[in-house]
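First up is the structure itself, then whatever we jot down about it.
Just so it is clear, none of the values below were taken in a lab; they were calculated from the coordinates. Note that the structure is predicted; figures quoted are calculated from it, not measured. Note: ideal-geometry Cβ built from the backbone for every residue, glycine included; neighbour counts use all protein chains shown.
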Amino acid sequence: MPQTSRITKAVIPAAGLGTRFLPATKAMPKEMLPVVDEPAIQYVVAEAAKAGLDNVLMITGRSKRALEDHFDRVPTLEAVLEAKGDTRRLAAVQESNTLGDIHYVRQGDPKGLGHAVLCAKRHVGDEPFAVLLGDDLIDSRDELLGEMIRVQQATGGSVIALMEVDPEQISSYGCADVESVDGEDYVRVNRLVEKPAVEEAPSNLAVIGRYVLHPAVFDVLEQTQPGRGGEIQLTDALEVLAADEGEGGGVHAVVFRGRRYDTGDKLSYLKAVVTLAVEREDLAGLRPWLKDFAAAL
Ligand code: G1P
C-alpha cells in the first residue's frame, strides 16, 4: 500500500573504525577526511538536506566527537571572521550547522550495518526513512535520493539504489537480481546477496549506499542473524523484505547512472578528491599541472 507521509528523516551510519585509512584515522573519524575542502560527511548531509531530509540521525561511536563539533556552531571562529569582514569563509564555516537538525546515537558495539540501522529504531519510529552511507558520494548535479523517495511513495515498500559495475567488482558490494516493472523506470528486486563470489553473483548490479526504507525493516533486523563477515547485514534484512508481499514488504530499486565517488578506500578516495578538485574554479591551476604531471609519469 503506498505510503504518503512525507519523508523527513535520514540515518547516516558513521561508527566505522576507518581502519583502511590508518594512521590518519587513529584520532580522527574517517568521515572527517577532507574531500577537497569539505569533510566527506558534509557532502552526505548536504545531499540529504537537498532531498528535504533535514532531520538527520548519525550513528556514531567512540572517537567520533569531531563529527558533533563539525556540525555545531563555533562562535569564537565566527566572530574572528566577522571582525575581519571575511564573509566567504564565514559562510563556509556556518554552512554545516544550517543543513538540518542533527541527532546522534552511539552504536556501542559495532556489529555491522544492519545493527547500525537498528540503532535508529526509536528515533525513526513508524515512518519511512532514508539511509545514506558516508563512503559513497553522489554528485550534487545528479538526482538519486529524490527519485528514490518518489519510488518509495509510489510503491510503499523499501527502495534501494543500484549501479552497474564491472562483473569482477561485484564481490565488494551487495548484489541484486531484478525484474522490470511495466511502464516504470524503476525495477523490482527479487533477490539480494551480500558480497557474492564473482561466479555466484546473480547480476552485475551493485547496491550503492542510498536506501529509502519502510520501518518494517526494524522488525526484520531484530531477527537477522549475523551474515557475511559475522556482521548483521542490512542486505540480508532487505532480502527478507523483498520476498514479503505483506504490509511494508517489497523492495524496488532505482538504477543510478550518474556520478558516484567512492571514498571508502585510499585509491578511490584520491580519485574522488582529484575528480572533484579539477572542476573547481578556485583550483583552476590544478588541471594544467595535472596534465604536465601525468605526461611526465
Ligand atoms: C555496504 C553494504 C553493501 C553495499 C555497500 C555500498 O558495504 O553492506 O551491500 O554494496 O555498502 O557502498 P560496505 O562497503 O560497508 O562493506
| task | Run the dipole for the chain about the Cα centre, Lys and Arg Cβ at +1, Asp and Glu Cβ at -1, nothing else charged, and hand back the magnitude in debye, nearest 20. | result | 1040
| said: Viscosity 0.692 mPa s, temperature 37 °C: what is the translational diffusion coefficient of the stretch 86-146 from Stokes-Einstein with a Kirkwood Rh over Cα pairs, rounded to a whole number of µm²/s? | reply: 222
| task | Could you order peptides 252-259, 147-154, 214-221 by the average number of other Cβ atoms within 10 Å of their residues, highest first? | result | 214-221, 147-154, 252-259
| task | At 7 Å along the Cα-to-beta-carbon direction for both Ser172 and Leu22, put a label point, then send me their distance in nm to one decimal. | result | 2.1
| request: Taking the chain as the reference, fit the longest principal axis to its C-alpha atoms, fit the long axis of helix 266-278 to the helix C-alpha atoms, and give the angle between the two in degrees, 0 to 90, nearest 10. | output: 60
| field | Relative contact order %, the chain, counting alpha carbon pairs below 8 Å whose residues are six or more apart | value | 21
| remark: In degrees rounded to 10, the 0-90 angle between helix 286-295 Cα long axis and the longest Cα principal axis of the chain is 80
| Residue-wise, which Karplus ³J(HN,Hα) couplings in Hz belong to the stretch 185-195, taking 6.51 cos²θ - 1.76 cosθ + 1.60, θ = phi - 60°, and x for glycine or proline? | 9, 9, 10, 9, 8, 8, 8, 10, 10, 7, 6
| task | On each of the three principal axes of the Cα atoms of the chain, give max minus min coordinate, whole Å, ordered largest first. | result | 61, 47, 39
| said: Sequence gap at least 6, Cα distance under 8 Å: using those rules, report the relative contact order of the stretch 1-148 to the nearest whole percent. | reply: 38
| note | If each K or R counts +1 and each D or E counts -1, the residues other than Val193 whose Cβ falls under 14 Å of its Cβ total -3
| field | Between the stretch 12-54 and the stretch 57-74, the alpha-carbon center distance in angstrom | value | 10
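What is the magnitude of the charge dipole of the stretch 1-82 about its Cα centre, with +1 placed on the Cβ of each Lys and Arg, -1 on the Cβ of each Asp and Glu, and no other charges, expressed in debye to the nearest 20?
Values: 10 positive and 10 negative charges, 102 e Å.
About 480 debye.
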| request: State, to one decimal in nm, how far the label point of Leu286 lies from the label point of Glu127, with both points 7 Å from Cα in the Cβ direction. | output: 3.7
| How many percent of DSSP beta bridges within the chain run antiparallel, rounded to 5? | 60
| field | Simple label model, 7 Å out from Cα along Cβ direction - Ser63 to Arg6, nm | value | 4.0
| request: Give the peptides 94-107, 74-87 in descending order of average Cβ contacts within 10 Å, highest first. | output: 94-107, 74-87
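Please report, in debye to the nearest 20, how large the charge dipole of the stretch 192-262 is about its Cα centre when each Lys and Arg carries +1 at its beta carbon and each Asp and Glu carries -1 there. Numbers along the way, then the final one.
Working: 6 positive and 12 negative charges, 119 e Å.
Here the stretch 192-262 has a charge dipole of around 560 debye.
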| If contacts are Cα pairs under 8 angstrom and at least 6 residues apart, what is the relative contact order of the stretch 1-77 in percent? | 43
| task | May I ask you to list the residues of the stretch 180-196 whose amide nitrogen lies under 17 Å from a point 7 Å from Cα along the Cα→beta-carbon direction of Asp265? | result | 195-196
| If r is the Cβ-Cβ distance from Glu279 to Thr87 and R0 is 25 Å, what FRET efficiency results, to the nearest 0.05? | 0.60
| What are the lysines whose alpha-carbon lies under 23 Å from the alpha-carbon of Lys266, with same-chain residues fewer than 8 places away excluded? | Lys26, Lys30, Lys64, Lys195, Lys291
